[in-house]
Structures are given as structure tokens and as C-alpha cells.
Amino acid sequence: MEELILHYYLKVFSLLIVTLLIIFLYTFYVLNKDLEISDRLIIIKKNEKIENLLSQNINNLSKIESIILNSYFKASNILLNKFIHFGEFNVKSNVSAINLLEIVSNPSNIINRITIVEGWTNKQLKFELSKYFKNIKSVPYEDIIADTYFFEKNSNYETLIENLITIKSKYMNNFKDNIVYNKFTENEIMIIGSIIEKEGLDREDKKKISSVIFNRLNKNMKLQIDATVIYAITKGQYNLKRKLLFKDLKIDHPFNTYIYNGLPPKPISYVGKETLDIIFENYKTDFLFYFFNYSLNRHIFSKTYADHKKKLNEYRYKK
């Protein structure tokens, strides 16, 4: 009798082991097999349930498979603290349940890119940001560096701007011991950079203009930069739509560097990293003057006013 009971329990135990093994293997198979995703772009709404995620995004899922996946997601939430994020997610066509959970339990994997062009105005940046965010606020020119930035699709606007400000701060910290940083404040460096952005054509041209600005500041000469006059006349919009006139140079405005000595009160555009690199390079020349030659499509530089006037008159005569 005891032998029959023992045999019975062994049989039941063996059956249980086999059943558990089958369940384990089947679960393993379900979790690792490729799911039939209805759309490679999965959109998860805030507080959406796992059941909805599965039913709306996975095709040909049997009831038992749905129970296994649902249980797996919930167990991962409890045991591994994996929470499903809301937002948009790009998934491969051959994704498994394990891979899918890994994707949706992280922030959206869809990345947007924004390029802030050096020399842009506040209005141009606001227009670009409005493609991705609502309730855009004006970002001061001195706060960020014009560059290309990547961010998650569902990023918060304030968080993005904070990140851009941090990136600029880290960049500037690399030059704390630079001779230019010791002579000018960070705001003044951004002002110089913004002028170079509006005046310079390419890297070599910007280097020479940078040297002219430093040389004139060192000699306490008025900068006499056309871009600052245009900024003053157009209130920072640069939509003059005509040539600058001699009478424009006499406008009484704090940004008019033909009237006031030194730098304007604030930057006149966004400044790119390459231009800041040029400033910290502290490129040296003896140039004090320059003008734009439309025939040659480049700036002509001079060391003395006499030479500058001579070249300018030759240019005007040829026109």
C-alpha cells in the first residue's frame, strides 16, 4: 500500500515537473518569439494599460499569449521597477516581447534634431522651436550657443533650453584661463561673437574681423560696425530691405557703434561654436579697417585709414 502511495506521489510530482517545464518553455518561447507588430510606430497614451498596449499594437496574439505577456509586463513592473512610458516609440518589425518592454520602459526612442544657425534672430529660433513645442518663449542670445542639438520627441521645452544653457556653460568653462576670457566678460564675448556672425563670411573672414574688433577696442576706437546699425534700425529683425544710408549711421541708439564707443549692450544674434573658437584663438593682425567689395564678394582689410580710404575710393571708381 505504501509503495502504491509513493508511486502515486512520484507520478504526480513527475507530472507537475513536466507541466512546469512545458509552461516555462512555452513562456520562454512566447517572450522571445518575434511579435507581429501592427505598426512600427507605437503610440502609448498617458496612464494607458498594458492590455491596451498589447491588443492595439500586436496582431494574431492568442488569449494565452496575451495572458503571458501581460503577466510578464506586470511582473517586470513590480520586480524590476520597469514602468511603461507614454509617448511615441519606433520598433523593429522583428521585435520580441522582452525587447518591446525594454523599448517602452525607456523614454521615447524617437529623436528630433534642431539646428540653431549662427547669426539667427530670436524670431527665427522661435519659429524653428514652434515646430516641436508650444508656448515658446524668447531665448536670450547670450544664453546658448548656435549648434545642432538632438532631443527626444516628447521632451519638455524648458528642459531642452536648460540643457542648451548647460552645454554653453560647459563650453565656456573650458576657456576660463584663456587670455580673452580674462580681458572680457562672458557677455562681452557673446556680443563680440554676435557681431562677427553678422559681419563675417567664412572662417578666415571671421578671424580677420575678430582681430579688427579687438584692435579697435584696444585703441578705444569706435567699432563702426554696420550690423549694429541695422540691428538698431530694424529693432533686431534685420529686415531693412535697402542699402544702409549715411544718415542711418547717425541714429542715436545704444546699439549704434558709429555713435557710441565700445560694445553694444547685448548680443545682436545667436553665436556659433566655430565663431567662439575663433575669438578664443585670439587671431592677431594689424588691421583696423575693412569694407565689403561686392565685385569680389569679400571684405577688404587695411591697417591705416589712409590705405582704407584709398582702397575704398578705387572700389567706388571701378563701380
* Between 0 and 90°, nearest 10: helix 63-79 axis offset from the chain longest Cα axis -> 60 degrees
* Structure fact -> A correct fewest-to-most ranking of ILE268, ILE67, ILE189 by other Cβ atoms within 10 Å would be ILE67, ILE189, ILE268
* Structure fact -> So for R0 = 51 Å, FRET eff. of LEU15-PHE133 from the Cβ-Cβ r, to 0.05, ends up at 0.25
* Contour minus end-to-end for ASN163 and ARG203, with contour as 0.36 nm per residue of separation and end-to-end as the Cα-Cα distance? -> 11.7 nm
* Structure fact -> Sparse-neighbourhood loop hits (trypsin sites (Lys or Arg not before Pro), region 97-134; DSSP loop; Cβ within 10 Å at most 13 others) -> LYS131, LYS134
* **region 111-170, relative contact order [Cα under 8 Å, separation at least 6], %** => 43 percent
* **Listed pairs LYS208/LYS241; LYS46/LYS123; LYS219/LYS309; LYS198/LYS273 exceeding 21 Å between Cα atoms** => LYS208/LYS241; LYS46/LYS123
* Could you list MET190, MET172, MET221 in order of exposure, starting from the residue whose Cβ has the fewest other Cβ atoms within 10 Å? => MET221, MET172, MET190
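Averaging sequence separations of C-alpha pairs under 8 Å and six or more residues apart, then dividing by the length of the chain, give the relative contact order as a whole percent.
So the answer I get is 15 percent.
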* Structure fact -> The answer for chymotrypsin sites (Phe, Trp or Tyr not before Pro) in region 256-319 that fall in a DSSP coil and have at most 12 neighbouring Cβ atoms within 10 Å is TYR294
* Structure fact -> Rounded to whole angstrom, the alpha-carbon centroid of region 78-96 lies from that of region 287-319 at a distance of 63 Å
* Structure fact -> Sorted largest first, the C-alpha extents of the chain along its principal axes in whole angstrom are 123, 41, 32
* For the residues ARG298, ARG216, ARG242, what sequence is obtained by ranking on other C-beta atoms within 10 Å, fewest first? -> ARG242, ARG298, ARG216
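All of the numbers you see were taken from the coordinates with simple rules; none came from a lab. The shown structure was predicted, so the numbers you read here are calculated from the model rather than taken from an experiment. Cβ coordinates were reconstructed from backbone atoms using ideal geometry, including for glycine residues, and neighbour counts include every protein chain displayed.
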